[in-house]
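The values are calculated or read from the model by the stated rules, or taken from the named source; none is laboratory data. Because the structure is predicted, anything quoted here is derived from the model rather than measured. Cβ atoms come from the backbone with ideal geometry, glycine included; neighbour counts cover every protein chain shown.
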Amino acid sequence: MAIQIRLFRRGDWGKLARLQSELQSLASGASAMARLSNVLGAAAMTELQRGFRGSRDPYGEPWAPIKGSHKASGGRKRGAGGRFLKTKKVSRVGGKPLLDTGRLRASFSYSPSSAGVRIGTTVRYASAHQYGVRSKRLPARPMVPTRARGLGMWQAPLEAATKRFFSRIFRK
C-alpha cells in the first residue's frame with residue numbers, strides 16, 4: 001500500500017513546519033517529554049496543595065483527625081538539672097493535621113526529566129506521616145499517591161494537563 005501526499009498551494013506553511021518540528025521532537029522524546037514532565041509536576045503540586053487544604057489523601061479520604069492534645073500555649077516543664085524550661089507553643093490550624101508550621105507542606109518539590117516526574121520532600125518525618133507508624137500510634141495520612149493504589153483523584157487533573165499540553169502542540 002502506498003501513501004500519497006498532496007500538497008496544496010494555500011495554507012499556513014509556518015504552522016506546518018512548527019507541527020513537523022514538534023512531531024520530530026516527540027519522536028526523539030527528550031525535549032517534549034521533559035516539557036510534559038514539567039507540566040505534570042506543576043499539576044501534581046497543585047493536587048498536593050489541595051490535599052493539604054482539604055486534609056485529605058489523594059484518594060479523597062479525609063486524614064485521620066488529631067488525637068491527644070498539645071499544650072495550647074507556652075507552658076513550663078522540668079529540664080535537665082530540675083530547672084523549668086519554656087515549652088514551645090503549638091497551634092493547630094483549624095484543627096487540621098499536618099499544618100502546625102507549614103514546613104512539611106512547603107517542602108515538597110518536583111523534578112521533571114525525559115523519563116517522568118518525581119515528587120519529593122527533604123523533610124525527614126514525611127514518610128512517617130505518609131505511611132504511619134504503628135508503634136507510635138501515628139496514623140497514615142497519605143499526601144502523595146502510592147504505586148500500589150494508583151493516582152486516585154490526581155488522575156483526572158493529570159490527564160487534563162496532558163491533554164492541554166498536546167492540544168497546544170497541535171493547535172499552533
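What to note about this one:
- Across segment 113-143, the number of residues qualifying as surrounded by 15 or more Cβ atoms within 10 Å (Cβ to Cβ) and either within 12 Å of the chain's Cα centre (by Cα) or part of a helix (DSSP H, G or I) (or both) comes to 8.
- Hits in segment 100-110 - residues which are free of Cβ contacts under 8 Å to residues at least 60 places away in the same chain and surrounded by 17 or more Cβ atoms within 10 Å (Cβ to Cβ): 104, 105
- The condition of being modelled with pLDDT of 75 or more, acidic (Asp, Glu), within 30 Å of residue 170 (Cβ to Cβ) and within 22 Å of the chain's Cα centre (by Cα) does not hold for residue 61.
- Candidate set: segment 151-172, residues that are touching a helix residue (DSSP H, G or I) at 6+ places or on another chain (Cβ under 6 Å) and assigned to a helix (DSSP H, G or I); chosen: the one surrounded by the most Cβ atoms within 10 Å (Cβ to Cβ): 154
- Any pair with Cβ under 8 angstrom, 6 or more apart, that starts in segment 37-63 at a residue that is touching a residue at least 12 places away in the same chain (Cβ under 8 Å) and under 16 Å from residue 107 (Cβ atoms) and ends at one that is surrounded by fewer than 21 Cβ atoms within 10 Å (Cβ to Cβ) and of a type in the set (Gly, Ala, Ser): 41/111; 45/109
- Just so you know, in segment 119-135 the residues that are touching a helix residue (DSSP H, G or I) at 6+ places or on another chain (Cβ under 8 Å) and not aliphatic (A, V, I, L, M) include one that is nearest to residue 48 (Cα to Cα), and it is 121.
- Selection status of residue 113, of a type in the set (S, T, N, Q) and in contact (Cβ under 8 Å) with a residue 24 or more places away in the chain: yes
- Test: residue in segment 34-46 that is at pLDDT 75 or above and over 22 Å from residue 153 (Cβ atoms): yes
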